[in-house]
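Report on the following structure.
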Amino acid sequence: MKYQRILLAYNGSKEGRRALLECADLAGFLKAETHLLAVASMPPSLFLTEGFVPEELLEEEKKRTQTVLDEGIRKLREGGFNANGDLVVGEPVEEICRLAKALRTDLIVVGHNQHHSFAARWWKGSVGASLLDYAPCSILIALSQT
C-alpha cells in the first residue's frame, strides 16, 4: 500500500515527539502529505454536575493545546515538510478517527510509552489500543522505551 496522507496525533509528550520524528522520516521517504492533529480534552473530573466545563478552563486547555500543535507544525516545517494541523476539542480516539476519515488518511501515527504497566494502561485507557478497534486505516505506533 502507498501511504499518501499521514495523520499524526500529536500531544507534545516525549512519546508524541518520538512519533513526530518517525512520521517525518516516513513522510519524507514516501513524499506523503502530513497532517497533525492536537486534541484538547478535559479530564472527566473537571466536568461539573450539570455536564459542562467552565469556559475559562476550556479556553486555557485550548491555548495549551494550540501551543503544542504549533510546535509540532514548526518542527516539521523546519525539516522541509509542508505540514498542516488542526486543533479540536473532544475525546481523542473519536476525533482522530473522524479527521482520518475526513482527510481520507492512509496512515495514523501515534506515540506510546512501553513502560506503563498493563494495569495502568487498562485503567486509564490507551488511545493506541482503542484506535485498533476504530481506525479507518493503518496505524503506526511509535514506541518510546525510556
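The values are calculated or read from the model by the stated rules, or taken from the named source; none is laboratory data. On a predicted model such as this, the values are computed, not experimentally measured, just so you know. Virtual Cβ from ideal backbone geometry, glycine too; neighbours counted across all protein chains shown. We work out accessible area using only protein heavy atoms, side chains counted, and drop any ligands, DNA or RNA first. Shrake-Rupley method; radii C 1.70, N 1.55, O 1.52, S 1.80 Å.
Computed values, structure above
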| read-out | value |
| --- | --- |
| Filtered residue count, the stretch 3-32, keeping only those that are under 10 Å from the mean Cα position of the chain (by Cα) and part of a helix (DSSP H, G or I) | 3 |
| Every residue from the stretch 3-45 that is charged (D, E, K, R) and either touching a strand residue (DSSP E or B) at 6+ places or on another chain (Cβ under 7 Å) or buried (at least 19 other Cβ atoms within 10 Å of the Cβ) (or both) | R5, K14, E15, R18, E22, E33 |
| Which listed residue is open to solvent by 50 Å² or more (accessible area, probe 1.4 Å) and either of a type outside the set (V, I, T) or within 14 Å of L132 (Cα to Cα) (or both), from E95, E91, E71 | E91 |
| Subset of the stretch 104-138 that is modelled with pLDDT of 80 or more and open to solvent by 50 Å² or more (accessible area, probe 1.4 Å) - its residue that is nearest to A27 (Cα to Cα) | R104 |
